[in-house]
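Since the structure comes first, as structure tokens, the remarks are kept for the end.
The values are calculated or read from the model by the stated rules, or taken from the named source; none is laboratory data. Please read these numbers as outputs of a predicted model, since none were measured by experiment. No Cβ is skipped: glycine too gets one built from the backbone with ideal geometry, and neighbour counts run over all protein chains shown.
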Amino acid sequence: MKIMQNKSLWIAAALASLMAITRYNHFGSSAALPDASYAVFFLGGLFLGRMRGAPVVLALLLLEAALVDYYAINFQGVSGWCVTSAYGFLVFAYSALWFVGRWYAPRHALTARGLTGLFAAAVAAGSLAFVIANVSFYLLAGYFGNMSVAEFAARVSQYYGSYVAVAVIYVGCAVIAQMAYAALTGKAARDTEAV
């Protein structure tokens, strides 16, 4: 049990670190990785969602996201345009990612079928989070009074693919790390299921 707790601690620390170093840049650049927040919450649910204290880990990751945004806006000159009355709905978007990951955790295995399901769940979770975040932004931000729903949807749809694709790429990297861990420790694919 102690080994599992230590592994969970390392996973939580890795996810928190990943979010801290990537949250400043949504789309990435030649000098910065794209924002991993969607993947962090999905992977958190997948690997940590069923452990004791999981709600605390979720709450700490949500707090970290808000603190990174606060720091970026107030001390790094990042635009605060997206911080409106809709900002609070990111809790629901990120929680959706967490809970889809948590739901998929018992099904997760390093097999072709397991990985296909994992990536399908990641796409579904990313899509749900994108819709929650953008619908709430449209309804509550106060910027779109004269814009139709169809026009708003057309404008934000150009970002959908990159948000979901980036999350899936990070999930793929996590799977590669999980496979490497399994190979190094000599554990079978079935033994490396989510924590």
Considering only the range 63-77, I want to know if a residue exists there that is at pLDDT below 95, surrounded by fewer than 15 Cβ atoms within 10 Å (Cβ to Cβ) and among the small types (Gly, Ala, Ser).
yes
Is there a residue being exposed (fewer than 14 other Cβ atoms within 10 Å of the Cβ), modelled with pLDDT under 90 and assigned to a helix (DSSP H, G or I) anywhere in the range 158-178?
no
Of Leu15, Leu90, the only residue that is touching a residue at least 24 places away in the same chain (Cβ under 8 Å) and either surrounded by fewer than 20 Cβ atoms within 10 Å (Cβ to Cβ) or closer than 27 Å to Ser157 by Cβ (or both) is Leu90
Considering (1) over 22 Å from Gly44 (Cα atoms); (2) among the small types (Gly, Ala, Ser); (3) under 21 Å from the mean Cα position of the chain (by Cα); (4) in a helix (DSSP H, G or I), say which one Gly80 fails and leave the rest.
(4)
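Determine which member of the set Leu97, Leu128, Leu118 is among the hydrophobic types (A, V, I, L, M, F, W, C), touching a His at 6+ places or on another chain (Cβ under 8 Å) and buried (at least 16 other Cβ atoms within 10 Å of the Cβ).
Numbers: Leu97 fails: touching a His at 6+ places or on another chain (Cβ under 8 Å); Leu128 fails: touching a His at 6+ places or on another chain (Cβ under 8 Å).
Testing whether each residue is among the hydrophobic types (A, V, I, L, M, F, W, C), touching a His at 6+ places or on another chain (Cβ under 8 Å) and buried (at least 16 other Cβ atoms within 10 Å of the Cβ) leaves just Leu118.
Restricting to the range 120-157, name every residue that is of a type in the set (Ser, Thr, Tyr) and either touching an Asp or Glu at 6+ places or on another chain (Cβ under 9 Å) or in a helix (DSSP H, G or I) (or both). Let's see the steps before the verdict.
Our first condition is that a residue be of a type in the set (Ser, Thr, Tyr); within the range 120-157, this holds for 127, 136, 138, 143, 148, 157.
Once the filter is applied, which keeps residues that are of a type in the set (Ser, Thr, Tyr) and either touching an Asp or Glu at 6+ places or on another chain (Cβ under 9 Å) or in a helix (DSSP H, G or I) (or both), the range 120-157 yields Ser127, Ser136, Tyr138, Ser157.
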If you go through the range 41-56 one residue at a time, do you hit one that is without any contact (Cβ under 8 Å) to a residue 60 or more places away in the chain, in a helix (DSSP H, G or I), surrounded by fewer than 12 Cβ atoms within 10 Å (Cβ to Cβ) and not β-branched (Val, Ile, Thr)?
yes
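Would you mind stating whether Val78 is of a type in the set (Val, Ile, Thr), touching a residue at least 40 places away in the same chain (Cβ under 8 Å) and closer than 25 Å to Trp10 by Cβ?
Details: of a type in the set (Val, Ile, Thr): yes; touching a residue at least 40 places away in the same chain (Cβ under 8 Å): yes; closer than 25 Å to Trp10 by Cβ: no.
The answer is no for Val78.
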Evaluation of Gly101 against (1) assigned to a helix (DSSP H, G or I); (2) touching a residue at least 12 places away in the same chain (Cβ under 8 Å); (3) under 18 Å from the mean Cα position of the chain (by Cα); (4) more than 16 Å from Ser37 (Cβ to Cβ) (one fails), failing number
(4)
